[in-house]
Amino acid sequence: MTVSGLATRSSSAPLYAAGFVTAFGAHSIAAGLGAQSGNIGLTLLNLGILLALYDISEVFLKPVFGALSDRVGAKPVIVGGLVAFAVLSLIGLWAADPLMLALARLGQGAAASAFSPASSAMVARLARGGRAGTYFGRYGSWKSLGYIIGPLLGAGLILAGGFPLLFGSLSALAVVTAVWVMAAVPHLEPLPRQRYTVMDLARQVGERRFLVPTLVLAASTAALGAAVGFLPALATRHGMGALAGTAAVSVLAAGSVLVQPWMGRLRDSHRVTDNRGTTAGLLLIAAGVGLLAVAPGVVTIFVSAALIGAGIGAVTPLGFAHLADTTPPERMGRTMGSAELGRELGDAGGPLLVGGIATLTALPFGLGALALLVAAAGIPRLSPVPRPLPPH
């Protein structure tokens with residue numbers, strides 16, 4: 001059976017679930033840490049460290065596990081990562097101890113670093129034949145869904161049974177997903193790989209076909225990280241309350257969830273090109289961030305959230321689908337891991353940029369600088385995509 005013949009809904013759905021697990025795990029615990037920090041004796045510094053541990057693990061390990069999936073195959077890395085996530089989540093049953101909580105958080109991030117890029121690489125290989133946009137649209141939509149319901153469901157589980165119930169539920173979810181992947185996802189043998197020198201690897205990372213889509217993805221994620229942090233702050237500053245700020249973030253996330261599958265289908269039906277789609281998406285994001293900078297208010301905060309969410313929903317599947325269609329299959333895992341590293345850096349850099357400039361000047365200047373940088377990320381042109389082989 002060909003790769004295109006294996007790319008069915010039943011074989012890709014467990015991969016979408018794996019994407020949901022990493023997003024849900026990160027954001028459900030992050031929200032719970034903020035709400036329960038006083039009850040478990042965390043200082044603000046310790047809270048910040050615990051929030052960062054998950055992402056720190058991912059920054060260092062995603063390219064490593066992505067390359068491993070190229071060497072041994074993506075499926076073993078996905079299953080192993082999910083099983084490790086389940087086991088390490090059990091450390092959180094002792095989450096009343098900040099040290100144990102830190103170990104659980106660090107371990108979860110390390111495990112997610114394995115199955116997240118490997119899942120992206122497997123989606124890319126299954127979607128060969130002109131369907132990368134559709135499959136990455138669905139994959140990204142499920143990850144965004146994890147971002148939306150993670151804080152809400154996490155808060156509910158903590159309220160019902162504390163951190164032990166939340167970590168136990170995450171462990172069970174990872175086990176179920178691992179079994180599903182084992183049963184439904186085909187094992188694709190690793191492809192023969194050329195031996196690369198360090199200089200070869202450095203040159204590949206600097207290739208236009210990798211660098212430009214990764215820059216696009218990093219810019220969109222920078223806006224996402226800044227918006228999630230500053231939308232609630234702006235809502236509070238303008239007398240709307242914390243609930244309105246949370247609602248604005250939900251509008252952003254819902255826009256991303258709804259637009260991603262639609263944009264992926266448009267791409268695969270050749271009704272939108274990668275260049276035009278990513279440029280339009282980045283301009284939507286820049287317009288939303290710019291609107292927050294020049295005219296924040298009761299209505300414009302929600303309009304901005306919708307624009308940013310729609311822009312992210314357009315950029316994300318197009319960026320990953322472009323990488324999938326322009327990367328040699330034998331190094332798909334390493335490419336996806338490195339691209340996700342770029343997104344993690346954008347996620348951290350966006351809030352830092354806005355916060356740093358705002359500290360020196362004022363918040364509108366920080367948001368304005370981010371809007372300009374996001375718009376500028378649309379200037380470099382993406383490499384031409386090879387014409388896909390027709391599916392068999």
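Things to note:
- Positions within the stretch 340-386 being at pLDDT 90 or above, of a type in the set (G, A, S) and assigned to a helix (DSSP H, G or I), in sequence order: G366, G368, A369, A371, A375, A376
- Look at (1) crowded, with 24+ Cβ neighbours inside 10 Å; (2) within 18 Å of the chain's Cα centre (by Cα) and you find that A254 fails only one, number (1).
- Annotation note: Cβ proximity below 9 Å between a residue of the stretch 357-372 that is under 11 Å from G288 (Cα atoms) and a residue that is open to solvent by 60 Å² or more (accessible area, probe 1.4 Å) and at pLDDT 90 or above (sequence gap 6+ or interchain) occurs for L367/V294; G368/V294.
- Subset of the stretch 137-188 [open to solvent by less than 10 Å² (accessible area, probe 1.4 Å) and of a type in the set (A, V, I, L, M, F, W, C)]: L166, F167, L170, A174, A178, V181, V185
- Contacts under 7 angstrom Cβ, first residue in the stretch 228-251 being under 17 Å from P364 (Cα atoms) and without any contact (Cβ under 8 Å) to a residue 24 or more places away in the chain, partner open to solvent by 50 Å² or more (accessible area, probe 1.4 Å) and not aliphatic (A, V, I, L, M), 6 or more apart: P232/T246
- V289 open to solvent by less than 30 Å² (accessible area, probe 1.4 Å) and in a helix (DSSP H, G or I): yes
- Qualifying residue in the stretch 302-320 (condition: more than 19 Å from G140 (Cα to Cα) and buried (at least 20 other Cβ atoms within 10 Å of the Cβ)): yes
The values are calculated or read from the model by the stated rules, or taken from the named source; none is laboratory data. In this text, all values refer to a predicted model and were calculated from it rather than measured experimentally. Reconstructed Cβ throughout: ideal geometry from the backbone, glycine too, with neighbour counts over all protein chains shown. Areas reflect the complete protein model, heavy atoms only, side chains present, ligands, DNA and RNA absent. Shrake-Rupley method; radii C 1.70, N 1.55, O 1.52, S 1.80 Å.
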